[in-house]
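As structure tokens, the structure follows; a few thoughts come after it.
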Amino acid sequence: MSTSTPDQELKDRHRALWSLGDYPAVAAEVIAETGQVLVDAARIRPGETVLDVAAGSGNASIPAAIAGASVVASDLTPSLLEAGRARAEGLDLDLTWREADAEALPFDDASFDVAISCVGIMFAPHHQDAADELVRVVRPGGRIALLSWTPTGFIGKMLGTMRPFIPPPPPGTQPPPLWGDEEHVRTLLGDRVKDVHAERRTLRVERFADGRAFLDFFKTTYGPTIMAYRAVADNPQREAELDQTVVRLADEYAPEPGVLEWEYLLMTATRA
Ligand SMILES: C[S@@+](CC[C@H](N)C(=O)[O-])C[C@H]1O[C@@H](n2cnc3c(N)ncnc32)[C@H](O)[C@@H]1O
């Protein structure tokens, strides 16, 4: 008899999703700039203790450790942590890799100076639980810095566009791009933080000639996209529809040939 709870099954599915393809290639070849942007926004100083939530292969953890911090890179997906560990090998950084669910962090209250998450915590399905954990592990006076795709930017729109093609998520879960909505995040963090600053910025992606090239890459590297294509694999017409929808959308976010612009929300706050 299986003893796993529905939440464990959901997390198992998410772990499997993020193990698909080659997410470390997405982080390194497409969005690498975001990790450094987040570390700069968090004003990370040498000697500080930093938790990176949903760190993946270390897109933000590695720059944070290079800035001189003592960093714990935590993530649900062990294969991504492994990829990060391999990437950081030989760099002589104070960096540890720890499997952890953002909604149940295995760390004491107030045990970090800073918590960061780069397009990471947004993928934990229960937003309030994840926000509560984030706040809990930061010491009073410590800092929180988050970088999340906005609902109106390209990745937010793409996730929404793919939704009708995949089986519906379980009740009680919330869509990731809501973390890119300033008011939503202010509500999640509540009066447990002060000095909240939010700014929308755009990542300029020059990795793809056009929307089609973007899709070809994401179809083989990015878990959520791979999963959507698996869901339509036995229906060529739906697959063609999904191709067309994503390419058209990607091209809408191309202000000039060879450039895609993806909006994100950068938020910083101090733990009250
Ligand atoms: C888009 S990736 C971002 C990874 C990394 N922060 C970066 O900037 O490249 C999303 C990450 O969220 C992680 N993730 C999803 N659900 C999670 C959860 N409940 N707890 C912890 N990590 C989670 C995935 O394993 C994946 O590494």
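How far is helix 78-88 tilted off the main Cα axis of the chain, in degrees rounded to 10, range 0 to 90?
Approximately 70 degrees, to the nearest ten.
What number, rounded to the nearest 500 deg cm²/dmol, is the helix-based mean residue ellipticity at 222 nm of the chain, given -39500 (n - 2.57) per DSSP H run of at least four residues and division by all its residues?
Computed mean residue ellipticity for the chain: -12000 deg cm²/dmol.
Using each residue's phi in the stretch 227-241, evaluate 6.51 cos²θ - 1.76 cosθ + 1.60 at θ = phi - 60° and report the 3J(HN,Hα) Karplus result to the nearest Hz, with x for Gly and Pro.
Taking θ as phi minus 60°, the curve returns 4, 4, 5, 4, 5, 10, 4, 9, 9, x, 5, 5, 5, 5, 4 Hz for the stretch 227-241.
Fewest to most neighbouring Cβ within 10 Å: what's the order for D234, D40, D52?
Ascending Cβ contact count within 10 Å gives the list D234, D40, D52.
Show me the GluC sites (Glu not before Pro) within the stretch 18-118 that DSSP assigns to loop and that have at most 11 other Cβ atoms within 10 Å of their Cβ.
Here the sparse-neighbourhood loop sites are E89.
Spelling out what I want: for every residue of the stretch 16-26, take phi, set θ = phi - 60°, compute 6.51 cos²θ - 1.76 cosθ + 1.60 (Karplus), and round to whole Hz; glycine and proline get x.
Values, residue by residue: 5, 4, 6, 7, 5, x, 8, 4, x, 5, 4 Hz.
Taking amide H atoms as placed 1.01 Å from N in the peptide plane, list the residues 5 or more away in sequence, or in a different chain, whose amide H sits under 5 Å from that of E48.
Correct list: S70.
Under 1.5 on a/c is rounded, so check that first for the stretch 1-59, then, if it is not, pick prolate when a/b is larger than b/c and oblate when it is not; a ≥ b ≥ c are the square roots of the alpha carbon gyration tensor eigenvalues.
It comes out oblate by the Cα gyration axes.
Taking the Cα centre of the chain as origin, sum charge times position over the Cβ atoms of Lys and Arg (+1) and Asp and Glu (-1), and report the length of that vector in debye to the nearest 20.
In total the dipole reaches around 180 debye.
Using the count of nearby Cβ atoms within 10 Å as a rough guide to exposure, how do T161, T34 rank from fewest to most?
T161, T34
Which log10 I(q)/I(0) values, to two decimals, does the chain give at q = 0.15, 0.17 Å⁻¹ under the Debye formula with one point per Cα?
For the requested q values the scattering log ratios are -1.12, -1.43.
Starting with the highest mean, order 163-174, 182-193 by the number of other Cβ atoms within 10 Å, averaged over the residues of each peptide.
182-193, 163-174
Kindly write out, for the stretch 178-184 in residue order, the coupling ³J(HN,Hα) from the Karplus curve 6.51 cos²θ - 1.76 cosθ + 1.60 (θ = phi - 60°), rounded to whole Hz, with x marking Gly and Pro.
Residue by residue, the stretch 178-184 yields 4, 5, x, 9, 3, 5, 4 Hz.
Using 0.36 nm times the number of residues separating I66 and T187, minus their current alpha carbon distance, what extension gain do you get?
Fully extending the segment from I66 to T187 adds 40.3 nm.
Expressed in nm to one decimal, what extension gain is obtained for the pair I166 and D94 from 0.36 nm per residue of sequence separation less their Cα-Cα distance?
21.9 nm
Once the piece of chain linking Q237 and R200 is laid out straight, how much longer is it, given 0.36 nm per residue of separation minus the C-alpha distance between them?
9.6 nm
Can you tell me the orientation of helix 32-41 relative to the chain, as the angle in degrees between its alpha-carbon axis and the longest Cα principal axis, to the nearest 10?
On a 0 to 90 degree scale, this one is about 30.
Would you list which aspartates and glutamates come within 15 Å of K157, measuring only between C-alpha atoms, while excluding same-chain residues fewer than 8 positions from it?
D181, D243, D251, E252, E261, E263
By how many degrees, 0 to 90 and rounded to 10, does the Cα axis of helix 127-136 deviate from the longest principal axis of the chain?
Relative to the chain, helix 127-136 is tipped by roughly 20 degrees.
Quick check: net charge around T270, other residues with Cβ under 13 Å of its Cβ, Lys/Arg +1 and Asp/Glu -1?
My count for the surroundings of T270 gives +3.
Just so you know, all these numbers are worked out from the coordinates, no wet-lab data involved. All of these numbers come straight from a predicted model, not from anything done at the bench. In this analysis, Cβ positions are derived from the backbone assuming ideal geometry, glycine residues included, and neighbour counts consider all displayed protein chains.
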